[in-house]
Amino acid sequence: MRRSVGNGDGWRRYDAAMSAPSTPGFVESPEAVRSFRRRLLGFFDSEARDLPWRRTSDPYAIWVSEIMAQQTRVETAVPYYRRWLERYPDVHALAAAPIDAVLKSWEGLGYYSRARNLHRAARIVAETLGGRVPDTVDGLRALPGIGEYASGAIASIAFDRPAPAVAGHVRRVFARLHDDPSPTGSGVRDWAQRVVDPGRPGDFNQALMELGATVCTPRRPDCGSCPVADFCRARMAGTAEVRPAPKARTKVKSEVRLVAVFIDDSADERHLLMRRRPDEGLLAGMWEFPSRVAAARVGKRATMEALDDLARAHGVPVGKALAERAPPRPLEPVLHKFSHLHVEYRPWVVSTAGLDGSEPAQGPDLAAGSTRAERPTLVRWISATAVEELALPVAQQRIVTSALRPFTAGADPRAG
DNA sequence: AATTCGGGGGC
DNA sequence: GCCCCAGAATT
């Protein structure tokens, strides 16, 4: 399963680099690096988690796993990975799939541009590269969604290229080995390039990450079971727990959104009015209920006016008549925390039963009144069954569940 | 160099 | 609450 290249280039590169005085490292000799590699790979061989993408040599599958794992705990990515390879077993299957299906498969993983870029890249590979995933760092790096880390990871794991792959784990391991509170990107990369085992580069890179994930953890590192503790300056200094220094975090904005859940329950099956977000920006291409920003303290009157505005903008015929026949009903607020934004969604159910001409706005009138960045690409009445086929952000999914709870078979009337 | 991209798990 | 997770793209 693991091929070996072992051309020896790595050693020559290492020897040359280590003779340079400007690169102080945790190792001072080629023998030490050899020992470091041996211990780390021994740890990997005996302790590594049995992750599904470690049982394949398919470059496409390894590529998928690397994209899914970005900014995501690998345990979270595992079930997505399995389903993905069933649905899209090779690059051609992915290239042939519509973007909406791809987003649905990614639903819940977050950072949806990863799915969009993976899909775009699959089409490039299928259509212009004969279906062959590039086997070099530069070739991989040229594909959308594959950056410095992923190109090195895929090149080393799938193609035995002795390239560095610096993920967050590796940066932390480096910071502790060197007792460096704030390592620079190039510093870590250069070090990783020098120490990567040219005989087993993919396993070596995974071993560094495995160490960071399971032993050299952000808090309470288990130095007692670390295979390379002898090399660790932070351990000697007793500073492992405070290395690296925490990153300066950007301040998070807050936002309150009034959400309109228009329900047409005049027919046998209920329909919900939903819109598809623009193809760029936050949650690109995902479906949602109409909403607009509101003040944290919004009165009843302003709420009703906003709902009326949303209705008009989306082609829902409402007005005084509606309010009198079926007053909007508030649902439990949904709090959602994005990395850079906290949103409180305040959903209101508005029944449009019995109203005539409930056709959503289309074309140039699509969601009139919304700003360009918020303008949806589609507005549709979606049946309660079909809504399960749409790619929904987690917060919207919660609103759907909440809105349909009264109609759900076996619903607990005390819930909600 | 700083921001913008989700969502969840651990403490 | 806060932190960070097998980061990439954009500005």
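The values are calculated or read from the model by the stated rules, or taken from the named source; none is laboratory data. Predicted model only: the values in this text are computed from it and were never measured. Cβ coordinates were reconstructed from backbone atoms using ideal geometry, including for glycine residues, and neighbour counts include every protein chain displayed.
Comparison of A:E148, A:E107, A:E127 shows that the only residue that is in contact (Cβ under 8 Å) with a residue 40 or more places away in the chain and farther than 25 Å from A:A48 by Cα is A:E107.
Out of A:G145, A:G131, report the one residue that is within 11 Å of DNA strand C (Cβ to nearest atom), surrounded by fewer than 23 Cβ atoms within 10 Å (Cβ to Cβ) and on the phi > 0 side of the Ramachandran plot.
Going through A:G145, A:G131 in turn, the sole match is A:G145.
Total residues in the range A:243-286 satisfying the condition of being more than 25 Å from A:E389 (Cα to Cα) and over 27 Å from the mean Cα position of the chain (by Cα): the figure is 0. Identification of helices (runs of 4 or more DSSP H) wholly contained in the range A:164-242 with 3 or more residues that are free of Cβ contacts under 8 Å to residues at least 40 places away in the same chain yields A:185-195.
When A:L283, A:L273 are screened for being within 11 Å of DNA strand B (Cβ to nearest atom) and modelled with pLDDT of 95 or more, only A:L283 passes. Name the residue, out of A:R176, A:R171, that is under 18 Å from A:R243 (Cβ atoms) and either near DNA strand C (Cβ under 10 Å from one of its atoms) or surrounded by fewer than 18 Cβ atoms within 10 Å (Cβ to Cβ) (or both). One residue alone meets the criteria, A:R171. With the condition being farther than 20 Å from A:D160 by Cβ and more than 16 Å from DNA strand C (Cβ to nearest atom), I'd like the helices (runs of 4 or more DSSP H) fully within the range A:23-98 carrying at least 1 qualifying residues. Counting at least 1 such residues, we get A:30-47, A:74-87, A:91-96. Only residues that are over 18 Å from A:V133 (Cβ atoms) and among the small types (G, A, S) were counted in the range A:67-97, giving 1. Scanning the range A:49-75 for residues that are under 17 Å from A:G152 (Cβ atoms) and loosely packed, with under 15 Cβ neighbours inside 10 Å returns a single hit, A:Q71.
Scanning the range A:102-147 for residues that are within 16 Å of DNA strand B (Cβ to nearest atom), hydroxyl-bearing (S, T, Y) and part of a loop (DSSP other than H, G, I, E, B) turns up A:Y111, A:Y112. A:E255 falls short on exactly one of the conditions (1) part of a strand (DSSP E or B); (2) more than 16 Å from DNA strand C (Cβ to nearest atom); (3) over 15 Å from A:A313 (Cβ atoms), and that condition is (2). Checking each residue in the range A:90-128 for being within 26 Å of A:E75 (Cβ to Cβ) and aliphatic (A, V, I, L, M) picks out A:V91, A:A93, A:L94, A:A97, A:A101, A:V102, A:L103, A:L109, A:A115, A:L118, A:A121, A:A122. Filtered by the rule that a residue be among the basic types (K, R) and not in a strand (DSSP E or B), the range A:324-350 gives a lone residue, A:R325. For the range A:148-174, the tally of residues that are away from DNA strand B (no atom under 16 Å from the Cβ) and either on the phi > 0 side of the Ramachandran plot or not charged (D, E, K, R) (or both) stands at 17. If you check A:V252 against the conditions, is it among the β-branched types (V, I, T), buried (at least 17 other Cβ atoms within 10 Å of the Cβ) and touching a residue at least 12 places away in the same chain (Cβ under 8 Å)? In short, no.
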